[in-house]
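This report concerns only the one structure given below.
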Amino acid sequence: MANGEQLNNKAGITLMQLLVLGLFFLIALRLWYFQIYNGQEYARKATDNLIQQQSIYAPRGLIRDRDGTILAENKPAYGLAIIREDSRDIEAALRQASQWTEVPLQEVREKFKAGKERVKPFKRQLLIRNLDYQTLAEIETHLMEWPEFRIITLPLRHYPHGRVVSHILGYVAQADEKELQNNPELQLGDTIGKQGLELSFQEALRGDKGLKQLEVNAQGRELKNSIIEEPVPGKDLTLTIDLDLQQHAWEQLGNHTGVVVVLEPFSGDIQALVSKPAYNNNLFVQGIDQETWHGLLSDPDHPLQNRAIQSSYPPGSVFKLVVAPCALNNGAVTPEKEFFCPGHYKLGRRVFRCWRKGGHGWMDMREAIKQSCDVYFYKVGEKLGVDAISAYARKYGFNAKTGINLPNENPGLIPSKEWKLRRFGRRWQGGETLNLSIGQGYTLVTPLQVARHLGALVNGGYLLKPNLIEDAEPTVQQELPLKQSERDMVIQSMLAAVEEPHGTCWRLRTKNATVGGKTGTAQVVKLKEEDREKETEEIRYKFRDHAWMASFAQQGKQTYVVVVLIEHGGHGSSAAGPVAKAVFDHLFSKE
Amino acid sequence: MAPFDRRLISHLSWPLILFTLVLFALGVMNLYSASSLRVETGVTTIFFYKKQLVWGAVGFVVMFACMVFDYRHLKSLVWTLYALSVGLLAWLLLFGEQIYGAKRWISLRYVSFQPTELAKLSILLLTAAYLSGIQEKLDWPRLCKLVALVLVPTTMIILQPDLGSGLNILLIIFGMVLVKGLKKRVFLSLLVGLPLLAPSGWFFLHDYQKERILTFLNPERDPLGSGYNIIQSQIAIGSGQMWGKGFLAGTQSQLRFLPEKHTDFVFAVFGEEWGFIGCLLLLSLFCIFLYQIVLTAQESKDQFGAFLSAGVFFYFFWQILINMAMVLGLMPVVGIPLPFLSYGGSSTIINFCLVGLVLNVSMRRFVFKRG
């Protein structure tokens, strides 16, 4: 039978033979196409694979004060990075990393997972920053056993003076996911400015990264290491801030929550900008932990807030420096026009009080500013009306950002009839005009706005942009609508407030210096009748008034504007006055 | 057992043994290179090639075991084997443990084993027996019966999911059917019908499989993900150019830019280090190896032996073609190894086993006058 079963499918055999032939030619042709026809191209790509490019960090620009003292510098720091493709067991590697650094394993895992997408194969992925020297030494000794790990050097920003200048400098911190996405030049682990000058001057400070090329052979050994592009260091910044002065003002505030601004009126340069309490900006550089961060956010004293520019307060009587020239300018009163102050003023059925219970008696404008008589200004304000005051105040730069080179500035608020209707849907009340004319009610200003305004009074009427960077050309933003006589009137009254009997600013009297000032006591809430009788110390802290001192002083060629605000400090004169005086003493002692 | 006949030795296809061994040896050498792992201090090798040698030794024994009995006895065993495979596959689907997202392995005490391989063998034998029992070319009813028999285990394999092996089986059977020949009407309707049916298969694919096909069409759409293998393996092969970079000197392979380099992409390692000349040599070896099987099929004294050899032919043919085409970017990435070169226990043993069966056929091509 076997013979009879001779294959009847010759065609099948032929088919298989043809298939073998076809296989040979198809694959051979394709191989020729890859290896001969395109061989050089692929050889070049293989060589490219051998070349690894690493970026070189550019040192961030330093920040110095006006005397050259370093305020922000870079320190070398070490980080642990992983190359995924060099790892035989990623999980074991992460465990080891956690063990070395004492960072919880879960956190290491999350960091690894989060960063994985951003780092190309065979590139170093930063796992843990800022290794301390002991950890570094331990890792170094075990590095041979863990081919996937690399130690990388990263510059670490350091602020040697911490809190005292933290609101000005701000801080750098690791770029977050969103920032990495928006800026392709940023790599995982890069830090960028997030607050303060570090943020506003990010572009100038950061510099440009360099590029290093590493060539490796088949065994992974480094053959060549060449720098293709040198890093360009960031530009250094020199500030107008005087660290000694800043420090001194900081100390003078003691335990108070408050602000000190020291400004040169003829240039707009800021020599001190203290906001207290502050925060340690070094915490952010190293990656702030959740607990500390939430602690800072929920702190009732808001240490993250730069009160000099980001908080606004009712100006209180400081606002009389705006209302008085406004009245002259409008022709509502002459300087000589006198009003009688019995200690209160009746509008309809409401009684508006003067801060001096017994009243000031007959007051002209100079005396009213000097003694800060409220009734005088109620009457002037009533004559002017809200919109005249509001329009005039805006010409003094209120209700607008000062344009200082710091982020998140608060514009403050000057109310008007139209504003109230829009905001509350209700009409403006006559009593509110009276409140406005003594700087209460809705009116809000930042300490820096007040300093800029005073600077303009002193320098002849030019509203200058407050400046933090040395050798910047003064920028005139506006000219005050102020006649010489009106300006003299205001300045003379402020000088009188310091020098003459009954002046509210007598605490500022300084030997050999011409000093002028205006106090302010900004009501936080309307006090009840019985509370008015009490001394400040007895009123509960958060109901106490904010204390203002807006002042200027001249000695020889030096002229300074000093604005002090103390939150819940009580009376401007007693709380803020001594701080301003101490600052002037420091300024003039340097000669 | 019949008394030993000297003709068994003289008729043995010595070239087939020789080429099998040469291919295996090349495979082990290539795995030695593919096993090296870069570390900071240089190259260390891990033990794929050593294990492969062990699998080869086992395979060699299995090969002899597949030669000693008369292959025609298998004819009576085909249904038992078929039932056993279907049973195991069903058990795996119902109770199997998932490893890497698929239920493919049955773990015995010391080794794990893939029922898929047994299924391949049993379907091949069943088809050979079935086709050898039919005198004329296939008509519709006979073809449909065969297809039904084949689809039962194949579907279970595809459900594991192991699309690669499933398609592999279908292709083997398809090849055997073509060798058998189809009635003209059947042949023509298939010629028209199959290409029309193919696109509907898209809807049965898993997402990762669709992904692979899309990536095949345009590897650059995902250069760091699934396109990475394709791009890097093509760079490896292409950069071998005419003469190759030399043994252990392939930068793509040694620096591990190549994933899966010891299994499905092992040809890329070879191509990089041995170049066009080496690849042509390897390709020629494969073709001569295949031709030896065709010769055996041609000279076989019975239909069963012929179809058994044809089945083995297609088993190897499709794997070689698909694997090389995949690595060379002519096909989407499917998990099909290159016979004798890719690392793998089950596949190495079954390869030797199948070669043993073909040798069995070749040994007995002139004997058994008595039937």
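Remarks
- At an R0 of 22 angstrom, the distance between the Cβ atoms of A:Lys401 and A:Val476 translates into a FRET efficiency of 0.85.
- Radius 11 Å from Cβ of B:Val334, net charge of other residues (Lys, Arg +1; Asp, Glu -1): -1
- By the Kirkwood approach, averaging reciprocal distances over each pair of separate Cα atoms, the protein assembly as shown gets a hydrodynamic radius of 35.7 Å.
- Using the Karplus relation 6.51 cos²θ - 1.76 cosθ + 1.60 with θ = phi - 60°, the per-residue 3J(HN,Hα) values for region B:195-212 come to x, 6, 6, 3, x, 5, x, 3, 6, 8, 7, 6, 4, 5, 6, 4, 4, 5 Hz, with x marking Gly and Pro.
- A:Ser589/A:Gln286 FRET efficiency (R0 51 Å; Cβ-Cβ; nearest 0.05): 0.85
- Rounded to whole Hz, the Karplus (6.51, -1.76, 1.60) HN-Hα couplings of region A:75-86, x for glycine and proline: 10, x, 9, 10, x, 9, 10, 10, 10, 4, 5, 8
- Shape of region A:1-105, Cα gyration tensor, a/c cut at 1.5: oblate
- For the listed peptides A:417-423, B:246-252, A:256-262, A:70-76, a ranking on the average number of other beta carbons within 10 Å per residue, highest first, reads A:256-262, B:246-252, A:70-76, A:417-423.
- Evaluated at q = 0.16, 0.30, 0.35 Å⁻¹: base-10 log I(q)/I(0), Debye formula over Cα of region A:88-128: -0.37, -1.11, -1.25
- Contact order normalised by residue count of chain B, Cα under 8 Å, 6+ apart, percent: 29 percent
- With θ taken as phi - 60° and the Karplus curve 6.51 cos²θ - 1.76 cosθ + 1.60 applied, the whole-hertz 3J(HN,Hα) list for region B:21-29 is 5, 4, 4, 5, 4, 4, x, 5, 4 Hz, x standing for glycine and proline.
- 13 Å Cα-Cα reach of A:Lys116 towards aspartates and glutamates, excluding residues that sit fewer than 8 places from it in its own chain: A:Glu85, A:Glu177
- For the residue pairs A:Lys370/A:Lys420; A:Lys401/A:Lys557; A:Lys383/A:Lys511; A:Lys276/A:Lys581, alpha carbon separations beyond 28 Å are given by A:Lys370/A:Lys420; A:Lys401/A:Lys557; A:Lys383/A:Lys511.
- Mean-position separation - Cα centroids, region B:69-90 and region B:272-343, in angstrom: 25 Å
- With R₀ fixed at 25 Å, the C-beta to C-beta distance from B:Leu217 to A:Leu214 puts the FRET efficiency at about 0.15.
- Label point distance in nm, A:Asn38-A:Lys10, each placed 7 Å from Cα along Cα→Cβ: 4.3 nm
- Order of B:Leu53, A:Leu321 - criterion: other Cβ atoms within 10 Å of each residue's Cβ, fewest first: B:Leu53, A:Leu321
- Kirkwood hydrodynamic radius computed over region B:307-371 comes to 13.4 Å, based on all pairs of distinct alpha carbons.
- Percentage relative contact order, region A:52-238, counting C-alpha pairs under 8 Å, at least six apart: 33 percent
- Label zone at A:Gln54 (point 7 Å along Cα-to-Cβ), backbone N below 19 Å, region A:65-90: A:75-87
- Helix B:78-95 axis, angle to chain B major axis (alpha carbon atoms, nearest 10°): 40 degrees
- Length added when fully stretched, A:Asn182-A:Thr153, from 0.36 nm per residue minus Cα-Cα: 7.9 nm
- Spacing of the two label points (7 Å from each Cα toward its C-beta) at B:Tyr208 and A:Glu500, in nm: 9.1 nm
- Long-range amide H partners of A:Gln125 with built H, under 5 Å: A:Ile82, A:Ile83, A:Arg84
- Compared with the dominant principal axis of the Cα atoms in chain A, helix A:320-330 is inclined by about 70°.
- Value of Rg/Rh across region A:56-129 [Cα atoms, Kirkwood radius]: 1.16
- Pairwise label distance in nanometres, A:Ser226 with A:Lys123, each label 7 Å out on the Cα-Cβ vector: 2.2 nm
- Amide H contacts of A:Thr257: A:Glu567, each under 5 Å away and 5 or more positions distant or on a separate chain (H built 1.01 Å from N in the peptide plane; Pro and chain starts excluded).
- With an a/c value of 1.5 or above and a/b not larger than b/c for the gyration tensor axes a ≥ b ≥ c computed over the alpha-carbon atoms, region A:355-512 is described as oblate.
- Spherically averaged projected area of chain B from its Cα convex hull (nm²): 20.2 nm²
- Translational diffusion of region B:260-314, estimated by Stokes-Einstein from the Kirkwood radius over alpha carbon pairs at 37 °C in a medium of 0.692 mPa s, is 255 µm² per second.
- Partner aspartates and glutamates for B:Lys184 [C-alpha distance under 16 Å; skip if fewer than 8 residues away on the same chain]: B:Glu136, B:Asp139
- Over 18 Å between alpha carbons, listed pairs A:Lys346/A:Lys417; A:Lys346/A:Lys379; A:Lys209/A:Lys235: A:Lys346/A:Lys417
- Shown for region A:52-238 is the translational diffusion coefficient from the Stokes-Einstein equation, using the Kirkwood radius over Cα pairs, a temperature of 37 °C and a viscosity of 0.692 mPa s: 183 µm²/s.
- Crossing angle, helix A:39-50 versus chain A [Cα axis fit, 0-90 degrees, rounded to tens]: 50 degrees
- Electrostatic bookkeeping for A:Pro231 treats Lys and Arg as +1 and Asp and Glu as -1; over the other residues with beta carbon under 9 Å from its beta carbon, the sum is -2.
- Each of the peptides B:194-201, A:332-339, B:351-358 was scored by the mean count of other Cβ atoms within 10 Å over its residues; in descending order, highest first, they stand as B:351-358, A:332-339, B:194-201.
- Estimated from helices alone, the mean residue ellipticity of chain B at 222 nm is -22000 deg cm²/dmol (sum of -39500 (n - 2.57) over DSSP H runs with n ≥ 4, per residue).
- Contact order relative to length of region A:151-210, as percent, for alpha carbon pairs under 8 angstrom and 6 or more apart: 31 percent
- Counting Cβ atoms of other protein chains within 10 Å of each residue's Cβ and taking the mean over peptide A:140-152 gives 1.
Throughout, read-outs are computed from the coordinates displayed, never taken from laboratory work. Fair warning: this is a prediction, and the values are worked out from it, not measured in the lab. Note that we place each Cβ from the backbone using ideal geometry, even for glycine, and neighbour counts take in every protein chain shown.
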